[in-house]
1. Restricting to the chain, what percent of DSSP beta bridges are antiparallel, rounded to 5?
2. Mind pulling the angle between the C-alpha long axis of helix 120-133 and the longest principal axis of the chain? Nearest 10 degrees, somewhere in 0 to 90.
3. Note down the relative contact order for the chain as a percent, whole number, built from C-alpha pairs under 8 angstrom at least six residues apart.
4. Would you mind telling me the share, in percent, of accessible area of the chain contributed by carbon and sulfur at probe 1.4 angstrom?
5. Report, in cubic angstrom per residue, the convex hull volume of the C-alpha atoms of the stretch 150-237.
6. In whole Hz, what ³J(HN,Hα) sequence does the stretch 495-501 give by Karplus (6.51, -1.76, 1.60; θ = phi - 60°), x for Gly and Pro?
7. Which of the peptides 474-481, 359-366, 138-145, 301-308 is most tightly packed, and how do the rest follow, judged by the mean count of other Cβ atoms within 10 Å per residue?
8. State, as an integer percentage, the relative contact order of the stretch 360-468 based on alpha-carbon contacts under 8 Å between residues 6 or more apart.
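The values are calculated or read from the model by the stated rules, or taken from the named source; none is laboratory data. This one's a predicted model, so the numbers in the text were calculated from it and none came from an experiment. Cβ atoms come from the backbone with ideal geometry, glycine included; neighbour counts cover every protein chain shown. For accessibility, only protein heavy atoms count, side chains too; no ligands or nucleic acids. Shrake-Rupley method; radii C 1.70, N 1.55, O 1.52, S 1.80 Å.
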Amino acid sequence: MPTKYVVVLGSLLSGLGKGVVTSSVLKILDFYGYRALPVKFDGYLNFDCGTMNPYQHGEVFVLDDRSEVDMDFGIYERFLNKDLTGDLSITGGKLFGSIISKEREGGYLGQTVQIIPHLTNEIISRIEALAAKKSADVMVIEVGGTVGDIENSYFIEAMRQLGLKHDVVFINLTYLPTLDVVGEQKTKPAQIGFRLLLQDGIRPNFIVCRSPAALLDATKEKLALFANIGMERVIDDRDQETLYNLPLHFMELGFDKLLLDDLGLKRRSLDRGKVGSWRESVRRTVSPKREVRIAIVGKYTHLKDSYASVKEALVHAGARTDTGVRISWIESSEYEDGKKDYSVFDGIDGVVVTGGFGTRGTEGMVNIINHARTSGIPYLGLCLGMQLMVVEYARNVAGLKDANSSEFGNGARHKVIALLDSQKRVTSKGGTMRLGAQECVLPERDSIAYRAYGRAAISERHRHRYEFNNAYRKRLGQAGLRITGLTRDRKLVEFVEWPSGFGIGTQSHPELRSRFEAPAPLFVSLLEAAIKRRQA
Ligand code: GLN
């Protein structure tokens with residue numbers, strides 16, 4: 001069967017949840033047994049988002065194959081429960097880079113290289129090659145940005161041309177503002193957005209309408225009339241209690257059937273078991289048996305997107321344990337002063353210290369880790385959160401008063417965290433960290449790590465330049481810090497634990513592997529410890 005395509009385009013404004021709509025379409029196709037894969041287009045001229053500050057672009061997501069990609073890949077993987085690859089991420093930087101090197105090699109001899117047809121052909125052939133390589137039944141292409149932007153205009157043109165060669169279904173995600181005074185959903189902006197797409201030669205099959213409240217029949221009718229499409233093709237995308245309900249919501253509206261029909265795909269039998277357990281997880285997320293409070297401590301907390309995977313990993317673990325997770329966001333830079341009041345942690349059942357780069361906020365993290373350890377609050381440290389767990393332990397238990405990471409305290413005598421050997425000669429920044437899936441062994445059966453994973457050989461994703469300094473393994477071990485995870489060659493420390501209570505840090509980012517249908521084991525263990533503490 002030739003691959004079919006769905007293209008998701010956003011109108012009017014960003015932040016409408018295009019990634020969640022794309023993921024819901026992917027999940028629906030997956031429920032029907034089709035092999036569906038995403039492609040994401042980002043118009044920026046960076047090769048990838050790895051060198052951007054999280055405040056610019058939210059979290060940098062890392063795949064098994066070492067690619068640093070847009071955070072939407074996190075949403076796709078969390079819905080699809082599949083490990084994706086970096087070639088599915090197409091950026092302006094990658095496209096222009098390859099066009100220019102092709103031109104220098106003489107790939108276009110005699111020609112003037114232009115956006116149309118050279119760049120658009122490059123896009124189409126990349127997508128076709130991906131579809132063939134991955135033997136996809138359907139590729140669901142999310143176009144980053146908004147219709148009308150200069151950045152993605154050539155990509156939209158390429159999608160129009162894709163539609164001339166293949167079966168392509170276009171979805172226009174739009175926004176319906178509601179005027180509070182009259183409670184009326186206004187369709188004019190959506191009409192204008194739709195018309196912009198028509199100008200680009202694309203006639204959407206569906207208009208998906210984001211709005212806080214349910215789409216009113218009158219609104220649907222009006223939009224259908226002005227956009228000249230059937231009413232059943234105007235799809236309600238109201239706020240959901242959990243975003244994982246969106247595929248089920250779309251299916252209740254019959255969007256799945258129309259989509260399959262438009263793609264010319266048979267309505268193959270739906271995997272009812274899969275849908276049923278998804279629905280049960282949604283139920284547990286929306287009305288859980290119990291609740292715990294978890295503090296997420298970070299240095300980029302003013303933009304919650306910086307920690308999307310951590311937050312979602314807690315949701316997944318909550319769905320597994322039938323527990324609602326109330327999150328308190330803690331900006332660590334506010335805790336740099338040792339005299340800070342820690343009473344906000346009084347009702348907290350678990351603390352997660354997240355990854356990050358640079359000095360700001362790290363002393364606050366050390367203070368908070370100390371508070372968690374000495375108050376017996378379950379603790380999970382992710383990457384930087386593990387490194388600072390080592391620093392805290394070295395300073396306050398092992399008596400190495402000025403211990404620090406060489407990333408921050410270059411003057412410190414005890415650099416208990418130091419640059420990886422493999423990083424010492426690295427000078428350029430893009431894609432040069434220790435990245436991607438790395439294998440790890442958990443030799444100690446009575447450790448939190450082993451009990452969480454239930455096996456000794458595991459693999460997790462990484463993104464760091466610094467590591468536990470082996471010169472301190474013995475000294476910190478003697479002081480009671482447990483080393484419970486190592487790389488296969490035993491050279492690098494991957495997991496450390498406090499000798500008592502629930503405290504674990506990992507050099508990896510287990511949150512990047514957490515899925516709604518397969519929560520990250522360490523997050524499940526953290527919640528179990530938090531539940532115990534709450535019940536005690
Ligand atoms: N900055 C630290 C390092 O590079 C931690 C990285 C992270 O938390 N992802 O090792």
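1. 30
2. With rounding to tens, the tilt is 70 degrees.
3. 15
4. 49
5. Per-residue hull volume (Cα only) is 100 Å³.
6. Whole-Hz 3J(HN,Hα) from phi for the stretch 495-501: 9, 10, 9, 6, x, 9, x.
7. The most tightly packed comes first, giving 138-145, 359-366, 301-308, 474-481.
8. So the answer I get is 20 percent.
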